[in-house]
Amino acid sequence: MERKPVFAVLGTAVFLLVVPGTVVGLVPWWISRWHMQVPFWGFTPFRIIGALLIVAGTPILLESFGRFALQGVGTPAPIFPTQHLVVKGFYRYVRNPMSIAVVSVILGQALLLGNIRLLAYAIFVWLAFHLFVLIYEEPTLRKSFGAEYEAFCAHVPRWIPRFSPWREGPE
């Protein structure tokens, strides 16, 4: 049954507010209360690097979520997956831009605030994403999209972005 784009947009918006909103907003606030501490090793440029990671990660996260709803006609939630494999936008560079964006924002918060517990949390979140991708997401996408997903995996790395965008078809 074909899902209507309006439901994909609404479902994606709710998922965005609940899941990343909690992972990059609520939990880091619980950990840090947004209190600035001394920069790591007293190196003030870490604050600038942290701010840049937050500024870079946020639009990547939002664009990737929007692409799931509008191009994939689905949501990032496993219970309402996309109907089409998303291979445009940031997905042409790396297979998991949402996860990278979330970890970038948390890592940015840790560097900006000088908070070691946020740094540990960023590592924990990346590990959780990595295990989710290996154990659930990749096998599910292989089953759902077959050769199309295999071609995507063959050309687009899981975590370290390509320098040039992948273009579907023979390279």
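The values are calculated or read from the model by the stated rules, or taken from the named source; none is laboratory data. Predicted model only: the values in this text are computed from it and were never measured. Heads up, the Cβs are rebuilt from the backbone with ideal geometry, glycines too, and the neighbour counts pull from every protein chain shown. To get the accessible areas, we keep the full protein, side chains included, count just its heavy atoms, and leave off ligands, DNA and RNA. Shrake-Rupley method; radii C 1.70, N 1.55, O 1.52, S 1.80 Å.
Data for the structure
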{"item": "Qualifying residue in the stretch 142-157 (condition: over 16 Å from Val24 (Cα atoms), open to solvent by 50 Å² or more (accessible area, probe 1.4 Å) and of a type in the set (S, T, N, Q))", "result": "yes"}
{"item": "Pick from the stretch 91-118, criterion more than 9 Å from the chain's Cα centre (by Cα) and in a loop (DSSP other than H, G, I, E, B), ranking: farthest from Ile49 (Cα to Cα)", "result": "Arg95"}
{"item": "Inter-residue pairs, beta-carbon under 7 Å, first touching a residue at least 40 places away in the same chain (Cβ under 8 Å) and in the stretch 62-80, second aromatic (Phe, Trp, Tyr), 6+ apart", "result": "Gly74/Phe68; Gly74/Phe80; Thr75/Phe15; Thr75/Phe68; Pro76/Phe15; Pro76/Phe65; Pro76/Phe68; Ala77/Phe15"}
{"item": "Odd one out for Pro78 among (1) within 22 Å of Ser164 (Cα to Cα); (2) touching a Ser or Thr at 6+ places or on another chain (Cβ under 8 Å); (3) open to solvent by 50 Å² or more (accessible area, probe 1.4 Å)", "result": "(1)"}
{"item": "Any hit, the stretch 119-132, residues being buried (at least 18 other Cβ atoms within 10 Å of the Cβ), out of contact with any Cys (no Cβ under 9 Å at 6 or more places or on another chain) and not in a helix (DSSP H, G or I)", "result": "no"}
{"item": "Cross-chain or 6+ apart pairs with Cβ under 9 Å, the stretch 15-44 first and modelled with pLDDT of 95 or more and exposed (fewer than 15 other Cβ atoms within 10 Å of the Cβ), then assigned to a helix (DSSP H, G or I) and of a type in the set (D, E, K, R)", "result": "Met36/Arg47"}
{"item": "Check on Leu62, of a type outside the set (Asp, Glu), assigned to a helix (DSSP H, G or I) and at pLDDT 95 or above", "result": "yes"}
{"item": "Options Val6, Val24, Val14: the member that is within 22 Å of Tyr136 (Cβ to Cβ), out of contact with any helix residue (DSSP H, G or I) (no Cβ under 9 Å at 6 or more places or on another chain) and not in a loop (DSSP other than H, G, I, E, B)", "result": "Val14"}
{"item": "Condition check for Leu127: free of Cβ contacts under 8 Å to residues at least 12 places away in the same chain and either under 14 Å from the mean Cα position of the chain (by Cα) or more than 27 Å from Pro5 (Cα to Cα) (or both)", "result": "yes"}
{"item": "Residue satisfying all of: in the stretch 160-171; open to solvent by less than 60 Å² (accessible area, probe 1.4 Å) and of a type outside the set (Gly, Ala, Ser); nearest to Ile100 (Cα to Cα) among these", "result": "Arg162"}
{"item": "Where a residue in the stretch 98-123 is under 20 Å from Pro76 (Cβ atoms) and its partner, wherever it lies, is of a type in the set (Phe, Trp, Tyr) and open to solvent by less than 20 Å² (accessible area, probe 1.4 Å), with Cβ under 9 Å and at least six apart", "result": "Met98/Phe65"}
{"item": "Qualifying residue in the stretch 99-118 (condition: basic (Lys, Arg) and within 27 Å of Ile31 (Cβ to Cβ))", "result": "yes"}
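So that you can scan it fast, the table gives a plain yes or no per residue for (1) of a type in the set (A, V, I, L, M); (2) in contact with a Gly (Cβ under 9 Å, 6 or more places away or on another chain); (3) over 16 Å from Ile100 (Cα atoms):
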| site | (1), (2), (3) |
| --- | --- |
| Val125 | yes, no, no |
| Arg142 | no, no, yes |
| Ala147 | yes, no, yes |
| Arg158 | no, no, no |
